[in-house]
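S.K.: Below you will find the structure I want to go over with you.
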There are 2 protein chains.
Amino acid sequence: MIRKTHPELGDPAAGNGILSRRVFLEGTLVVGATGAGLSCGSAEPLAVQPWMKVPGPGFAGYGQPSPFESKVVKVFPPPPNPPGVGASRTPLHMLEGMITPSGLHFERSHSGVPEIDPDQHRLVIHGLVKRPLVFTVEALSRYPMQSRIAFIECGGNSLALNAPQAQPLNVAAIHGLLGCSEWTGVRLSTLLDEAGIEPEARWVIAEGADAAAMSRSIPLTKAMDDALLCLYQNGERVRPSNGYPVRLLLPGFEGNMNVKWLRRLKLTAGPAMTKDETSKYTILLKDEKAWQFVFPIEVKSVITRPSPGLALRGPGFYEISGLAWSGNGSIRQVDVSADGGRSWAPAALQGPILPKAPVRFRTAWQWNGGPAVLQSRATDDTGMVQPTRAQFAAERGFRGVYHYNAIASWRIDEMGEASNVYA
Amino acid sequence: MIRKTHPELGDPAAGNGILSRRVFLEGTLVVGATGAGLSCGSAEPLAVQPWMKVPGPGFAGYGQPSPFESKVVKVFPPPPNPPGVGASRTPLHMLEGMITPSGLHFERSHSGVPEIDPDQHRLVIHGLVKRPLVFTVEALSRYPMQSRIAFIECGGNSLALNAPQAQPLNVAAIHGLLGCSEWTGVRLSTLLDEAGIEPEARWVIAEGADAAAMSRSIPLTKAMDDALLCLYQNGERVRPSNGYPVRLLLPGFEGNMNVKWLRRLKLTAGPAMTKDETSKYTILLKDEKAWQFVFPIEVKSVITRPSPGLALRGPGFYEISGLAWSGNGSIRQVDVSADGGRSWAPAALQGPILPKAPVRFRTAWQWNGGPAVLQSRATDDTGMVQPTRAQFAAERGFRGVYHYNAIASWRIDEMGEASNVYA
């Protein structure tokens, strides 16, 4: 028998059922609020399932998810794209916490995923340096290392929301070009100090060892600030899909600049004007002008649960859970609305709150079974607030393709189904 | 040509080449200290490898490590143990950072790894409660969640160091029953509040759904403090080897108590005296007495690099890297010695420093090519300091098997080979 009682939930914090974040901050809750536990008589024995009757399979050298989770995979487009050209997307609606499992971290490739022999791979630093240097992977691993938890988001993430009509897409299809890992590697500044920077150098051209030789120009100031040459991702060597054996990490900068399979760093006086910073990754504005070299990802958030494909099963208590991030710093606050932005309440933020890392936010919600529009609005520690779609449009219009960061909306209908809407 | 010059390394911070942690804290370094970069003439073209000449393979739904990393696997004993009985060990010497990839997280199983259908799995809460409750996995996922980064260490980790003579083992074989994940789940206190705790309840018996029905008694105070029923590990659903679909996390408590495949929580007035808290996981002392119910893992650390199997390639700069952790709180300090404990210098600690989570520490070391004995000594924020082996022996002797946490030593010989020694 499902328990129907819903004891004291506390005062609402915003309209349409949003509850106070004290639920999370104080750990006090909402006893029986979900009604999800089923009463059972204590004399009723728990079924002994088949897997308790015989020993299970043995150990594996490298473990995998349960076969029952086979639907939790990255999604990528079928042909006509050649294999490995385009992007695979993280199924954010099936994940929790802050870390993205490396097997599910989105990837963007221009010419497939190269199969690099680390013993043959070389990284060269040249151009406006006093001493050109070549590194083997083993040589790089001799240097002092640094670890940091950081997001990488493709500059083209969420571009589906530029469409005039809201498309029937889920969170992976719209926002799935986002991942977060604990990255470990060598500070680029260490190697540039060793090479010796010529005074006229201002930029670093980073080139990958894929067949596209994907290249981007990086300000030398960023290279000397917090750039890392990553050898490790979530504890193990970087995955091939994310740049094995060496990936450039530029914390907070758009994903494309975090060059994978890094083979070359050339110091120059000016930017190289590569394909990916001219024909792509410039932001076309309403007035036919364009922004070029817009590097940091602006403050942003998305609700991952509830979201399209995860239907609510009847009125009652739900946790609204999502991610917030900013390439300019740390997340200071996330507000959540269940009435399309008419009223807001602050969500609980899951620590640790780290700069240029995503933060999991959580809000308690008592769904009354009626229509609702769920939104989240992030603020970072520079004071930047995620804009509404109208504010975003007023500044940039919808031709920009890149760096879409407006507040997103999920409509919940009376059946508990969620859908992408503009609200 | 390998560059031989070793410019200013700064003053030593301790004997036998230990350098100041300012190298890490200030990011100033040690220009050219490793001699690892190879000079190259700028006219010398970088080889274009085969993987740049054709597009690489396409995307995969669930990614895997590079085939060149096939040696990075958990290690587990061959028969005569039945498959899946015993433990598989994390290859800590091949990893970096704080997070353990889920595929490499150690496992301890008593009857293999059960293949549990999450739709059939049930968790019951009964015994001294007002309302016995049964939960499906889906029902559990309705509750408010919490994430935390936490280590799990088997209480029997490092027991090889109880042997009278130091064994020729590497870090995985000695210390590899240690892992760290970002765990996400429901606070156990939330569910116990819903069930309603009878006043005479003091313990919770936790039982797994493996064929061994592995069980432990947990103090109710811990259950109501920071215990989590985890559904997610490093962002995705908990791996089968680590308790899919529901694992009990008791942050800081010995691994065996973090019951996997959790099916039953029974509230009782006293402990159940299960096999794993009587015949095992009690600590036999010198005087024939034993400590029972020793739950938190005491402060501990281990150097993962250099370590046995990772030979140094000639004198010069090396980073000494390792992990420190405490089940009683946060790591406050780690000291490193290269002369077998005669002199010590504080290591750089990699943030975020979180309670009951491992901390990566790093020390810069200029190896002069002579013999050295590397040690690390952790201190936690309760003031507990990792004991020397002699101090550990004086208190407990070596019959205890469990909770060995004395300072460990790697000897480096003139060939750069590392070996396990008592020093």
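The numbers here are math on the coordinates, done by the rules we state, and not lab data. No experiment lies behind these values; they were computed from the predicted model shown. No Cβ is skipped: glycine too gets one built from the backbone with ideal geometry, and neighbour counts run over all protein chains shown.
S.K.: Contour minus end-to-end for A:Ser70 and A:Leu284, with contour as 0.36 nm per residue of separation and end-to-end as the Cα-Cα distance?
M.R.: Details: separation 214, 0.36 × 214 = 77.04 nm, distance 3.97 nm.
So the chain would gain 73.1 nm between A:Ser70 and A:Leu284.
S.K.: Could you work out how far the C-alpha centroid of region B:251-273 sits from that of region A:371-423, in angstrom?
M.R.: 44
S.K.: Using the Karplus equation 6.51 cos²θ - 1.76 cosθ + 1.60 (θ = phi - 60°), what ³J(HN,Hα) coupling, rounded to whole Hz, does each residue of region B:363-375 give in order, writing x for Gly and Pro?
M.R.: 9, 7, 9, 9, 7, 8, x, x, x, 8, 10, 8, 9
S.K.: Another question about this same structure. How many angstrom lie between the Cα centre of region B:151-220 and the Cα centre of region A:180-228?
M.R.: Distance between centres, Cα-based: 43 Å.
S.K.: Another question about this same structure. Among B:Gly58, B:Gly155, B:Gly351, whose mean-square fluctuation peaks in a Gaussian network model of chain B (Cα, cutoff 10 Å)?
M.R.: Sorting by GNM fluctuation, first place goes to B:Gly58.
S.K.: Let me ask you something else. Measure off 7 Å from each Cα along the Cα-to-Cβ vector at A:Ala163 and A:Asn368, then give the distance between these two points in nanometres to one decimal.
M.R.: 3.2
S.K.: Under the Kirkwood approximation for Rh and a Cα-based Rg, what ratio Rg/Rh is obtained for region B:272-389?
M.R.: Details: Rg = 17.3 Å, Rh = 16.1 Å.
That ratio equals 1.08.
S.K.: Of B:Val134, A:Leu285, A:Phe68, which is farthest along the charge dipole of the protein assembly as shown in the positive direction, counting Lys and Arg as +1 and Asp and Glu as -1 at C-beta?
M.R.: A:Phe68
S.K.: Neighbour counts of other C-beta atoms within 10 Å: give me A:Glu96, B:Glu414 arranged from fewest to most.
M.R.: On the way: A:Glu96 27, B:Glu414 10.
The most exposed by this proxy come first: B:Glu414, A:Glu96.
S.K.: Moving on. Of A:Asp413, B:Asp11, B:Asp276, B:Asp210, how do they rank once you tally other Cβ atoms within 10 Å and put the fewest first? Don't jump to the answer; show the numbers that get you there.
M.R.: Working: A:Asp413 13, B:Asp11 8, B:Asp276 18, B:Asp210 24.
Final ranking by Cβ density, sparse to dense: B:Asp11, A:Asp413, B:Asp276, B:Asp210.
S.K.: For the rotation bringing B onto A, which B residue has its Cβ nearest the axis, and at how many Å?
M.R.: Rotation axis B onto A, closest Cβ, rounded to whole Å: B:Pro352, 2.
S.K.: Another question, if that's okay. Which distances in nm, rounded to one decimal and ordered from shortest, link the label point of A:Gln333 to the equivalent label points in the other identical copies, with labels set 7 Å from Cα toward Cβ?
M.R.: 4.0
S.K.: Quick one: dipole size for the protein assembly as shown, taken about the Cα centre, charges +1 on Lys/Arg Cβ and -1 on Asp/Glu Cβ, in debye to the nearest 20. Kindly include the intermediate steps, with their values, before the conclusion.
M.R.: Values: 84 positive and 74 negative charges, 74 e Å.
In total the dipole reaches around 360 debye.
S.K.: Answer with one residue from A:Pro168, B:Leu231, A:Ser158: the one whose Cα lies farthest towards the positive end of the charge dipole of the protein assembly as shown, charges on Cβ with Lys, Arg +1 and Asp, Glu -1.
M.R.: Working it through, the farthest residue towards the positive pole turns out to be A:Pro168.
S.K.: How much mean residue ellipticity at 222 nm does chain B get from its helices, if each DSSP H run of length 4 or more adds -39500 (n - 2.57) and you divide by all residues, to the nearest 500 deg cm²/dmol? Can you show the working numbers first?
M.R.: On the way: 7 runs with 39 residues, N = 423.
The helix-only estimate for chain B comes to -2000 deg cm²/dmol at 222 nm.
S.K.: Another question, if that's okay. Just to confirm the numbers: B:Pro45, label point 7 angstrom along the Cα-Cβ line, distances to the other copies in nm, shortest first?
M.R.: List, nearest first: 7.7 nm.
S.K.: Which pairs, out of B:Lys130/B:Lys280; A:Lys260/B:Lys356; A:Lys260/B:Lys53; B:Lys71/B:Lys300, put more than 24 Å between their alpha-carbon atoms?
M.R.: Going by Cα-Cα distance, B:Lys130/B:Lys280; A:Lys260/B:Lys356; B:Lys71/B:Lys300 fall outside the 24 Å limit.
S.K.: Test of understanding: ordering B:Thr304, B:Thr221 by Cβ neighbours within 10 Å, fewest first, what list do you get?
M.R.: On the way: B:Thr304 24, B:Thr221 10.
Ranked by crowding around the Cβ, least crowded first: B:Thr221, B:Thr304.
S.K.: Under a GNM of chain B (C-alpha, springs under 10 Å), which listed residue has the highest mean-square fluctuation: B:Arg396, B:Arg89, B:Arg342?
M.R.: Result: B:Arg342 has the largest fluctuation of those listed.
S.K.: Sorted from shortest, what are the nm distances separating the label point of A:Leu169 from equivalent points in the other copies, each placed 7 Å from Cα along Cα to C-beta?
M.R.: Here the equivalent label points are 5.3 nm apart from this one.
S.K.: For the charge dipole of chain B, defined by +1 on Lys and Arg C-beta atoms and -1 on Asp and Glu C-beta atoms about the Cα centroid, which residue among B:Gln49, B:Ala347, B:Ser376 has the Cα displaced farthest towards the positive pole?
M.R.: The listed residue farthest towards the positive side: B:Ser376.
S.K.: Of B:Glu115, B:Glu395, B:Glu298, which is the most mobile in a GNM of chain B whose springs link Cα atoms less than 10 angstrom apart?
M.R.: Result: B:Glu395 has the largest fluctuation of those listed.
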